[in-house]
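FYI, it's all coordinate maths here, none of it is from the lab. These numbers come from a predicted model, not from an experiment. Every residue, glycine among them, receives a Cβ derived from its backbone with ideal geometry; neighbour counts consider all protein chains shown.
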Amino acid sequence: MDIIICVKAVSDPETVAHYVVSGVGVHIDEQNKKIIPEGIETVISPFDELAAEAALRIKDKLGTGVTIMAISLGTEDGIKILRRVLAMGVDAAILLKDEAFEDANDMVTAHALAAAIRKIGAFDLILCGRQAADVDSGVIGSGLSELLGVPSVTLAKDVQVQGHVAQVERSTPEEIEKIEMHLPALVTVSSELGEPRFPKMKGMLAAKRKEIPVWNAQDLGLDRELITEQSERLKLEKISVVEMRGQCEFVEGESPDEIAAMLIQKLQEERILQR
Amino acid sequence: MPNVFILAERRDEGLHPISFELIGAGRQLVQDQGGRIDVALLGHEVGSLAEELLATGVTNVHVVEDPLLADYTTDAYVSTMERLIGLSNPEIVLIGQTSIGRDLAPRLAFRVKGAVAMDCLDLALDTATATLMVTRPIYGGSILATYRFGQETRPQIVTIRSKAFEPAEPLAESGGRITDHPVDLDSSEIRTKTLERRSLVKAGEARLEDADIIVSGGWGLGKKENYQVIEDLARAIGGVPGASRPICDLEWTNSSRHIGLTGKIVAPNLYLAVAISGAMHHVAGCANAKVIVGINIDPKAPIFKYAKYGVVGDFAEMVPALIRELEKSGA
């Protein structure tokens, strides 16, 4: 059984948020419409790490005969996160890198990943995170499944494979849905899947020795014109840091009851709470 | 002169409020430009809801009814929307950023060869070219990004965040037309099979999205048993209990209670964040609250950057104190 996972390297959004909130600030490169990543580590997008975990759980269950291949599109930072998933237990990895892919929008990314997957050949299951933790769009998974002509289920909390069928538990704020579909298929995973495994030392050493081929647009047989045309469809114009809200009034007192009474009084004065 | 196409959504036996927010956004785009607003209503035996949509003054309501559309499936809804869009040829398609929208919109965009921008908070139209600029959050909400669609990109598909736009009210007079479309679907086209559906929303429990007061708990509660204090305070204050994502993932409470970027977007008068640090993706869910109160043992917790009132203290002491004082004040 062949599983492919798509993983993205992102500037750690937790650090970005921390800098914004704490007032340290995040510097914006206005011209290139990027955040300047000083002091911000590059990490694997958390939902993609869970996609790796989902793949590995299937492999744990089905045993031999399952191969997991990871693909990442982007810069050299991709190598670092590909090594991480290799260390977790993924079998092979490929980096897609090209000037034409720099700051690729969702459309370009989906086309590039589809081309890479066609080049790799047959697959049974593709796993992606539900959304990349930097752009938060949640487009790639579904877009990729449409380009490849396979069915998909998004927001999975559990993925099982039995023969030629995938059984997925889809988790939304409203319901849990058990869905079945024939392979080949694509699933995007959500945080409800649980915790990703931590790579062991043995895995990390083995990962370091693995060769990671780098494919460019030409290797993928991707037309420059296609890339340009897809890039034009949705272009990033501007980014700006969110303004932090005003001052917080801290309610203090001699005892919890006193603080509670004061807080309630303030809320009643504002008519947020009834008297 | 943009023509706008909207997917209405249903909730229980009626229409999902986001349907009216989308119409509100559509109205803003069309304004006095003279464009059409078409609304699609998909389902089984849902025709009675069409009048409610028409009353907001939209141009057309396209109703497609079939048992195969009773519940959402990717293939049935994408194919049906593809067909309706082919008939209508809109410049712009508006869909809600809901569990359905998140699944449908990206695939639809690739199917009809347009482009899609997800979870948009604001829209601006270049009227000369009928091209959209959208603003949406990135990095969990720390940063706002503005994107422009290509001038030749059609349709421009956008999902809109819950409560980002004011809902359209019914008009005193509305023209418009309801058109019934025969369904053109074979069950063999639907490649996913739903084996089981389990609703997470308890019958009779008030919806977080509609609540005036929410008491929300986070990881600082320490353990599953402690979530009880959130339920107790919610009851005492007349509110609905909510939660941050980590504790839902840990199953300390139902994930229907999850408030955040990947959960529910709420807009209560009062949001009490108890033992919640205030991570961006959580705040994305509660930022619309009129008043946020943070209760946290850590004075540096980010929640205090968003809260109007803050209490630095141990929830284990503060929550019981609040319950006592609420009972005293007869609130």
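Rounded if a/c is under 1.5, else prolate if a/b is larger than b/c, else oblate: which is region B:208-329, with a ≥ b ≥ c the root eigenvalues of its Cα gyration tensor?
Numbers: a/c = 1.20, a/b = 1.19, b/c = 1.01.
Taking the square roots of the gyration eigenvalues as a ≥ b ≥ c, region B:208-329 is rounded.
Quick one: of A:K80/B:K193; A:K238/B:K300; A:K235/B:K290; A:K59/B:K113; B:K264/B:K300; A:K34/A:K97, which pairs are farther than 28 Å apart, Cα to Cα?
Result: A:K80/B:K193; A:K238/B:K300; A:K235/B:K290; A:K59/B:K113 exceed 28 Å.
Could you tell me whether region A:122-170 comes out rounded, prolate or oblate from its Cα gyration tensor? Rule is a ≥ b ≥ c as square roots of the eigenvalues, rounded for a/c under 1.5, then prolate if a/b exceeds b/c, otherwise oblate.
In terms of gyration-tensor shape, oblate.
Near B:K163, which aspartates and glutamates are there with a Cα under 18 Å away, not counting those fewer than 8 places off in the same chain?
The reachable aspartates and glutamates, counting only those whose Cα sits under 18 Å from B:K163, are A:E174, B:E9, B:E21, B:D119, B:D122, B:E209, B:D210, B:D212.
Between A:R275 and B:D122, what is the label-to-label distance in nm when each label sits 7 Å out along the Cα-to-Cβ direction?
3.9 nm
By how many degrees, between 0 and 90 and to the nearest 10, does the Cα long axis of helix B:74-88 differ from the longest principal axis of chain B?
With both axes taken from Cα atoms, the answer is about 50 degrees.
With a/c under 1.5 counting as rounded, go ahead and sort region B:8-149 into rounded, prolate or oblate using the C-alpha gyration tensor (a ≥ b ≥ c being the square roots of the eigenvalues; past the cut-off, prolate if a/b is larger than b/c, else oblate).
Prolate is the answer for region B:8-149, as a/c is 1.5 or above and a/b outweighs b/c.
For chain B, what does the helix formula give at 222 nm: sum of -39500 (n - 2.57) over DSSP H segments with n ≥ 4, over the residue count, nearest 500 deg cm²/dmol?
Working: 9 runs with 87 residues, N = 331.
Helix contribution divided over all residues of chain B: -7500 deg cm²/dmol.
How far apart, in nm, are the 7 Å Cα→Cβ label points at A:V24 and A:N216?
The modelled label-to-label distance comes out at 3.6 nm.
Please quote Rg/Rh for the protein assembly as shown to two decimal places, taking the Kirkwood radius as Rh and restricting both calculations to Cα atoms.
A ratio of 0.97.
Which whole-number percentage describes the relative contact order of chain A, with Cα contacts under 8 Å and a sequence gap of 6 or more? It would help to have the intermediate numbers written out before the result.
Working: 484 pairs, mean separation 62.3, N = 275.
Relative contact order comes out at 23 percent.
Over the Cα atoms of chain B, what Rg and Dmax result, in angstrom?
When restricted to the Cα atoms of chain B, Rg and Dmax are 21.6, 64 Å.
Among A:A17, A:L226, A:P199, whose Cα projects farthest towards the positive end of the dipole of chain A, with charges put on the beta-carbon of Lys, Arg (+1) and Asp, Glu (-1)?
Positive-most Cα among the choices belongs to A:P199.
On a 0 to 90 degree scale, rounded to 10, what angle separates helix B:228-237 from the longest Cα axis of chain B?
80 degrees
Out of every Cα pair in chain A, what percent are spaced more than 31 Å from each other? All intermediate terms of the calculation are to be shown ahead of the outcome.
Working: 13799 of 37675 pairs.
I get 37 percent for the Cα pairs in chain A exceeding 31 Å.
Can you compute the modelled spin-label distance between B:R235 and A:K33, with each label point 7 Å from Cα toward Cβ, in nm?
It is 5.2 nm.
For A:E237, what is the net charge nearby, where nearby means another residue's Cβ is under 9 Å from its Cβ and Lys, Arg count +1, Asp, Glu -1?
That sum, taken over residues with Cβ under 9 Å, equals +4.
Let me have the 222 nm mean residue ellipticity of chain A computed from DSSP H runs of 4+ only, each contributing -39500 (n - 2.57), with the sum over all residues rounded to the nearest 500. Mind showing how you got there, number by number?
On the way: 8 runs with 96 residues, N = 275.
It comes out at -11000 deg cm²/dmol, rounded to the nearest 500.
With both partners inside the protein assembly as shown, how many of the DSSP beta bridges are antiparallel, as a percent to the nearest 5?
Taking every DSSP beta bridge within the protein assembly as shown, about 40 percent pair in antiparallel fashion.
Between B:V201 and A:E258, what's the calculated FRET efficiency when r is the beta-carbon distance and R0 is 51 Å? Round to 0.05.
That pair, B:V201 with A:E258, gives E of 0.85.
Would you be so kind as to identify which of B:L132, B:L29, B:I295 lies farthest towards the positive end of the dipole of chain B, taking Lys and Arg as +1 and Asp and Glu as -1 on Cβ and the Cα centre as origin?
Going by the charge dipole, the pick is B:I295.
Could you check which residue among A:V20, A:V135, A:V251 shows the biggest mean-square fluctuation in a GNM of chain A with a 10 Å Cα cutoff?
The residue with the greatest mean-square fluctuation here is A:V251.
Take the Cα of A:D103, step 7 Å along the line toward its Cβ, and report every residue of region B:122-157 whose backbone nitrogen sits under 15 Å from that point.
B:145-149
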